[in-house]
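The values are calculated or read from the model by the stated rules, or taken from the named source; none is laboratory data. Predicted model, so just to flag it, every value in this text is computed and none were measured. Glycine also receives a Cβ, built like all others from the backbone with ideal geometry; neighbour counts cover every protein chain displayed. Surface accessibility is based on the protein's heavy atoms, side chains included, excluding ligands, DNA and RNA. Shrake-Rupley method; radii C 1.70, N 1.55, O 1.52, S 1.80 Å.
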Amino acid sequence: MAKYLSNRVRNFNIGVSGITESDTVLTTIGNTDFTGKVDIDIGSGTSAFEIQGSVGQLFSVTNNLTSGSIFSVNDVSGIPSIDVDADGTILLAPYGVTEFVGVGITSPQQKLHLDAGTLLVTNTTAPQIRLSADNTDASDNDRTMLGQVTGANNFVNNSTINDTVLRGTSSGSILFGVGTSEKLRIASAGQLGLGGANYGTSGQVITSNGSSSAPTWEDANATTIIVADESTDTTCFPLFATNATGSISPKTGSNFAFNSNTGTLKLTSAGNAITINNTLVDIVDIGNDSGAFAINAGGNVNTMIVKSGGTERLQINSSGAEVTGVMTATTFSGSGSSLTDLTGASAATYGDGSNVAQIVVDANGRITGISNVAISGGGGGGGVTVQDEGNPLSTTATTLNFVGSGVVASGTGATKTITISGEGVASVTAADESSDTTCFPLFATSATGSVAAKTDASGLKYDSSNERLETTDVAVKGAVRYENSGSTERFEILYNETTDSLDFTYSAS
């Protein structure tokens, strides 16, 4: 049975005689060699020190040291297996290379051996496990690390919360193996190695070799690709290449789509169009795929229909092309030989001085024939009848010649304009009509300009035989004067408005 030792000295002796309560005691139990305050030698016993109790703190070590070890448990050689330092550091098996710490196991095989349990590392700030070959190196660049990200950019750049990070040293590679054989490698520059430092060559791709073999680097196969049946996918986008050959990236766009369910290829955006630029003659070739862009209308109908707004505008069939509506063109080019059947016209000149070209058009607006028709009543000369005051000249004219500065003919088309102007005429040609006993004077409605000449044959006339101007009813207001050009005689008749009478005057020198 164990012996109980009080921590206070009373009036009894434990291996020492003649002590009091205030004396410092060197105490030994089962040992006469005093080397410490308390020495316990159990000999062949099973327990050197035993503390029993039911409540409270059963064992406590306290001292005032500021550095160094305050408590240790040593092995048989005196090397501490457990060492508690004054700064709070706890060392487990810190010195012996054969000292192992076991958790849940009685025979640990490594420095720390966990059995029948799970290792859990918890921390609100980036929980992690770090491995380092140098226990004095604090640089993250020389450590291998496994951690969980709790804040942006933890461990590596661009990491986000809840990412799991496996990071190697800055100068080494991360190797993945099976047994002792390396299967996959990530090198310091980001290279991906298969079965070691086998990074392939530029342009190669990783190719699967089946379920029983490892993948390998292979040259890209430009002749075949793996495709899948997507007959139920209503929207697919065709892939295009930026070059005719080489290892290039395929490209596509959402404005050009294929409905694999209906087999329809169409543009999806308004304003887009399919443009064909080609120097070949056959741009669209029905029934023949030799053209640059071939549309083969198959089946029993053998017809291609072009619609606008749901209405048929163009139909191409085995008989030819039919247009519904108006076909507008600025120019037509080609030999025109293919138009013979359409127009019923052969190469010739239609229309001349005796004939006009007669064109036949059917109900669809198509020209079906053209021929010469003789001009009736044309006299064969194609001339123009000229009339003088309504009386036709005896000979049909082929040329009209306008003479005189006041007559101008103009016009470059079929219509000619004849302009007769009296402006600028300062004199007229007069004839001697002394034998004509009765003439009628002409008067102008203005003193100048191009005005119409007028007369009044009933009231005023000139008798050339008597050299006399006669009037049947002339109202004279003002004066009538007669002067003899050969003398100074002058005779005047003046109308006096005051007295409403005529005054006569005569003078001569």
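Just give me the residues in region 139-154 being open to solvent by 80 Å² or more (accessible area, probe 1.4 Å) and either more than 47 Å from the chain's Cα centre (by Cα) or among the aliphatic types (A, V, I, L, M) (or both), in sequence order.
Hit for region 139-154 is Leu146, nothing else.
For Asn141, which of the numbered conditions (1) free of Cβ contacts under 8 Å to residues at least 24 places away in the same chain; (2) out of contact with any strand residue (DSSP E or B) (no Cβ under 6 Å at 6 or more places or on another chain); (3) not in a strand (DSSP E or B) fails to hold?
Evaluating Asn141 over (1) free of Cβ contacts under 8 Å to residues at least 24 places away in the same chain; (2) out of contact with any strand residue (DSSP E or B) (no Cβ under 6 Å at 6 or more places or on another chain); (3) not in a strand (DSSP E or B) leaves (1) as the failure.
Which of the residues spanning region 214-227 are of a type in the set (Gly, Ala, Ser) and open to solvent by 80 Å² or more (accessible area, probe 1.4 Å)?
Result: Ala222, single match.
Within the bounds of region 229-238, is there any residue that is surrounded by fewer than 12 Cβ atoms within 10 Å (Cβ to Cβ) and touching a Lys or Arg at 6+ places or on another chain (Cβ under 6 Å)?
Checked region 229-238: no residue is surrounded by fewer than 12 Cβ atoms within 10 Å (Cβ to Cβ) and touching a Lys or Arg at 6+ places or on another chain (Cβ under 6 Å).
Take the residues in region 90-118 that are of a type in the set (Val, Ile, Thr) and in a loop (DSSP other than H, G, I, E, B), then tell me which one is least open to solvent (accessible area, probe 1.4 Å).
So the residue we want is Ile105.
Filter region 80-89 down to the residues that are exposed (fewer than 14 other Cβ atoms within 10 Å of the Cβ) and not hydroxyl-bearing (Ser, Thr, Tyr), then identify the one that is nearest to Lys111 (Cα to Cα).
Gly88
Name the pairs whose Cβ atoms lie under 7 Å apart, with the first residue in region 236-251 and under 24 Å from Leu267 (Cβ atoms), the second aromatic (Phe, Trp, Tyr) and open to solvent by 100 Å² or more (accessible area, probe 1.4 Å), and 6 or more positions between them or separate chains?
Qualifying pairs under 7 Å: Pro250/Phe240; Lys251/Phe240.
Given the structure, is Thr349 closer than 30 Å to Gly320 by Cα, at pLDDT 75 or above and loosely packed, with under 10 Cβ neighbours inside 10 Å?
So Thr349 fits the description; yes.
Can you pull out the residues in region 67-89 that are closer than 25 Å to Asn135 by Cα, in a loop (DSSP other than H, G, I, E, B) and among the β-branched types (Val, Ile, Thr)?
Residues satisfying the conditions are Ile79, Thr89.
What pairs come up if the first residue lies in region 414-433 and is within 23 Å of Leu400 (Cβ to Cβ) and open to solvent by 90 Å² or more (accessible area, probe 1.4 Å), the second is at pLDDT 75 or above and not β-branched (Val, Ile, Thr), and their beta carbons are under 9 Å apart, counting only those six or more places apart or on different chains?
Lys416/Leu400; Lys416/Ala409; Lys416/Ser410; Ile420/Phe402
Can you tell me which residues in region 51-63 are open to solvent by 80 Å² or more (accessible area, probe 1.4 Å) and farther than 21 Å from Leu91 by Cβ?
Of everything in region 51-63, those that are open to solvent by 80 Å² or more (accessible area, probe 1.4 Å) and farther than 21 Å from Leu91 by Cβ turn out to be Gln52, Ser54, Val55, Gln57, Leu58.
Do you know which of the residues in region 423-481 that are in a strand (DSSP E or B) and β-branched (Val, Ile, Thr) is modelled with the lowest pLDDT?
Checked region 423-481; the qualifying residue modelled with the lowest pLDDT is Val480.
Sort through Ala48, Ala126 and tell me the only one that's modelled with pLDDT under 80 and either open to solvent by less than 70 Å² (accessible area, probe 1.4 Å) or part of a loop (DSSP other than H, G, I, E, B) (or both).
Testing whether each residue is modelled with pLDDT under 80 and either open to solvent by less than 70 Å² (accessible area, probe 1.4 Å) or part of a loop (DSSP other than H, G, I, E, B) (or both) leaves just Ala48.
Name the residues in region 155-183 that are part of a loop (DSSP other than H, G, I, E, B) and surrounded by 14 or more Cβ atoms within 10 Å (Cβ to Cβ), would you?
Phe155, Ser159, Asp163, Gly168, Thr169, Ser173 - these are the residues of region 155-183 that are part of a loop (DSSP other than H, G, I, E, B) and surrounded by 14 or more Cβ atoms within 10 Å (Cβ to Cβ).
Taking only pairs six or more apart or across chains, which ones have beta-carbon atoms under 9 Å, a first residue in region 198-226 that is farther than 22 Å from Leu239 by Cβ and without any contact (Cβ under 8 Å) to a residue 24 or more places away in the chain, and a second residue that is open to solvent by 70 Å² or more (accessible area, probe 1.4 Å) and aliphatic (A, V, I, L, M)?
Short answer, once both residue conditions are applied: Gly200/Ile206; Pro215/Ile206; Thr216/Ile206; Trp217/Ile206.
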